[in-house]
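Chemist: Here it is, the structure, as structure tokens.
Since every read-out is calculated from the coordinates, none of them should be taken as a lab result. Note that the structure is a prediction, hence the values are computed from the model and not measured. Cβ placement follows ideal geometry from the backbone for every residue including glycine, while neighbour counts extend to all protein chains displayed.
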Amino acid sequence: MEQNEYRAARSAKAAKLRAAGLDPFGTVFQATCTVAEARERCPAFDPAPGAVQPRAAVVSLAGRVGNVRRAGKLLFLTLFDRSRADLHRAQRLAGSADLDGAEAKKGRGIQLFCDFKSLGEQQWQALEQVDLADWLGVTGAIGRTRTGEISIFVEKVQVLGKAMLPPPHQAGASSGELSPEIRQRQRYLDLMMSDASLEVFVTRSRLVAGIRRFFTERGFLEVETPMMQVIPGGASARPFVTHHNALDLDLYLRIAPELYLKRLLVGGMERVFELNRNFRNEGISPRHNPEFTMIEWYQAYADHHVMMDLSEELFRHLADSVLGTRRIRFGEFDLDLGAPWRRFSYLDAMRELGGIDYNDKVTVEAKARSLGLDPADFPTYDRLANQVWEAVVEPHLIQPTFITDQPTWLTPLCKAWPQDPAKTMRFELFMARMEVGNAYSELNDPDVQRARFAEQAAEASAAKDDEAGVVAGKLDDDYCTALDHGLPVCGGQGIGIDRLVMLFTGQTTIRDVILFPTMRP
């Protein structure tokens, strides 16, 4: 009922605009600058008594109304646009004490100084129908009031979109009281109310743009590969299944684009990358969403050592170009992307960081039991030992760390070391106790690949493991045929974009960096 009352009042104002010959939902409007740019262009304040404050050139701005104050034949509004995210970031980096305070919020918008004498009867009537959260376009000179307030001295106004419901705080909730549930389900309210949240998603967009620039400047080609696949592959995960009616065929949403990207290297594209959406029918947690974004790239004539160097270069490029600093605060951790990144082998990390020898089965099984794991529940000792590895090593992986030389059984698409076939030429990148990236010296021997696929399928079948990336025993024989035609030696890597954004924005929950996370209805 409350919403209906608000809506009825705003609907009446929309009707008055129509009666005055104005469209409450607007027509085209050309803004010439942002609020942040207008604030930057404003002349300095002259504090001398009686001084006439200078005004800059006339500009046009568009945005949402965040405050309305009437004073006779004067009307003061505050206008906010997308640049409030950049102004919030500037305040945060400058160490503003109270980013949620009234003064800080006011500094992320711009005052509209509306005078009846300057506007005339019709435009004044239009302004009288304006409510909080309405969209406006205004034209006027940039200047300061006698109190020094940066303002637009409005000469022309246009309603660009009437909000038929009020912002949440006007309906009884303060700007800090949107629950996580509301913020994630109704992201438009979150972005409307929270400059901090808007900053996260603006940063996400710039990080993705920075990744594209990084790779295209190094000769990589951006490509697209199928999201629906007859045989899922490239990772170990339970896929989503759908049905194509025309072909009467079950298809799987991809769990990874790897096998298709490497086919392109067979064809001679040499350096490729894809910013891709993947789907894994698994649990939801602060670090997992069933639908997620990754960057995967493959480079001919390279190996996983080249990928390590490229990873460090990429993260520093993003830190410099998007954040302007190589130091990141993530939860309780201060991460230094500028310092040399540690490199540990899988076995050395377990021994030196976890205090356990991987091959000491008695100690590993004892540790497993202390963690609440039953060795009998695991199809192989290696799978048990890897679970223990994760428990005892990952808590120590805070600063950027490459874990290398993982066991061959764990990575069926990776080359093994010739001098030690039990270990692969692979690394995983960890930061803040979280896996961020994964890379291989790619396996390009078709006969070894076929054998690895067969072993993977046999193990998955014996364990009845529906998360092994093998569906009904199907193997991607066409991929092996592609290898028969010659895959050059190459390195490849994948980095989760959502986790990367978490790190760069200090968000500890993946739902806070995905605009529309998967949620129960």
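Chemist: Considering the convex hull of the alpha carbon atoms of the stretch 191-341, report its projected area averaged over all viewing directions, in nm², one decimal.
Modeler: Over every viewing direction, the Cα hull of the stretch 191-341 projects on average to 12.2 nm².
Chemist: Please give, to one decimal in nm, the separation of the simple spin-label points placed at Ser96 and Ala44, each 7 Å out from Cα toward the Cβ.
Modeler: 2.3 nm
Chemist: Let me ask another. Using the Cα centre of the stretch 70-126 as the reference point, and only Cβ charges (+1 on K/R, -1 on D/E), how large is the resulting charge dipole? Debye, rounded to the nearest 20.
Modeler: Dipole of the stretch 70-126, to the nearest 20 debye: 40 debye.
Chemist: Trypsin sites (Lys or Arg not before Pro), restricted to the stretch 92-189: which are DSSP loop and have at most 12 other Cβ atoms within 10 Å?
Modeler: Working: sites: Arg92, Lys105, Lys106, Arg108, Lys117, Arg144, Arg146, Lys156, Lys162, Arg183, Arg185, Arg187; in loops: Arg108, Arg146, Lys162.
Filter output for the stretch 92-189: Arg146.
Chemist: Any chance you could run the full-extension gain for Lys106 through Ala9? It's 0.36 nm times the residue separation minus the Cα-Cα distance, nm to one decimal.
Modeler: 32.2 nm
Chemist: Here is the link list: Lys13/Lys117; Lys13/Lys162; Lys16/Lys156. Which ones come out longer than 21 Å on Cα distance?
Modeler: Lys13/Lys117
Chemist: Go ahead and run the numbers for FRET between Phe116 and Ser205, Cβ-Cβ distance against an R0 of 41 Å, rounding to 0.05. Before the final figure, lay out each step's value.
Modeler: On the way: r = 41 Å, r/R0 = 1.00.
The value I calculate is 0.50.
Chemist: Would you list, by chain and number, the lysines whose Cα falls below 24 Å from the Cα of Lys367, excluding same-chain residues fewer than 8 positions away?
Modeler: List returned: Lys423.
Chemist: Right, something else. Hey, which lysines would be in cross-link range of Lys262, C-alpha to C-alpha under 21 Å, not counting anything within fewer than 8 residues on its own chain?
Modeler: Straight-distance partners of Lys262: Lys415, Lys474.
Chemist: When only DSSP loop residues count, what trypsin sites (Lys or Arg not before Pro) in the stretch 314-375 have their Cβ near at most 15 other Cβ atoms within 10 Å?
Modeler: Hits after loop and neighbour filter: Arg326.
Chemist: Also: For Ser345 and Phe516, calculate 0.36 nm times their separation in residues minus their Cα-Cα distance, and state this gained length in nm to one decimal.
Modeler: 57.8 nm
Chemist: What distance in nm lies between label points placed 7 Å from Cα along the C-beta direction at Glu312 and Asp445?
Modeler: Modelled inter-label distance: 3.0 nm.
Chemist: If each residue of separation counts as 0.36 nm, what is the full-extension length gain between Ala56 and Asp320 once their alpha-carbon separation is subtracted? Could the numbers behind the result be given before it?
Modeler: Working: separation 264, 0.36 × 264 = 95.04 nm, distance 3.29 nm.
Length gained, Ala56 through Asp320: 91.7 nm.
Chemist: Right, here's the next one. What's the whole-number percent of alpha carbon pairs in the chain lying beyond 37 angstrom? Each step should come with its number before you reach the end.
Modeler: Details: 60287 of 135460 pairs.
So the pairs more than 37 Å apart make up 45 percent of the total in the chain.
Chemist: Starting from the Cα of Arg18, step 7 Å along the direction of its Cβ; do the same at Met228; then give the gap between the two resulting points in nm.
Modeler: Taking the two extended label points, one gets 4.2 nm.
Chemist: Going by alpha carbons, how many degrees (0 to 90, nearest 10) lie between the helix axis of 446-463 and the longest principal axis of the chain?
Modeler: 80 degrees
Chemist: Using a simple charge model, +1 on the beta-carbon of Lys and Arg, -1 on the beta-carbon of Asp and Glu, nothing else, what dipole does the chain show about its Cα centre, in debye to the nearest 20?
Modeler: Rounded to the nearest 20 debye, it is 2620 debye.
Chemist: Now for a different question. Compute the angle between helix 304-318 and the longest alpha-carbon principal axis of the chain, please, reported from 0 to 90 degrees and rounded to the nearest 10.
Modeler: So the helix axis and the longest Cα principal axis differ by about 10 degrees.
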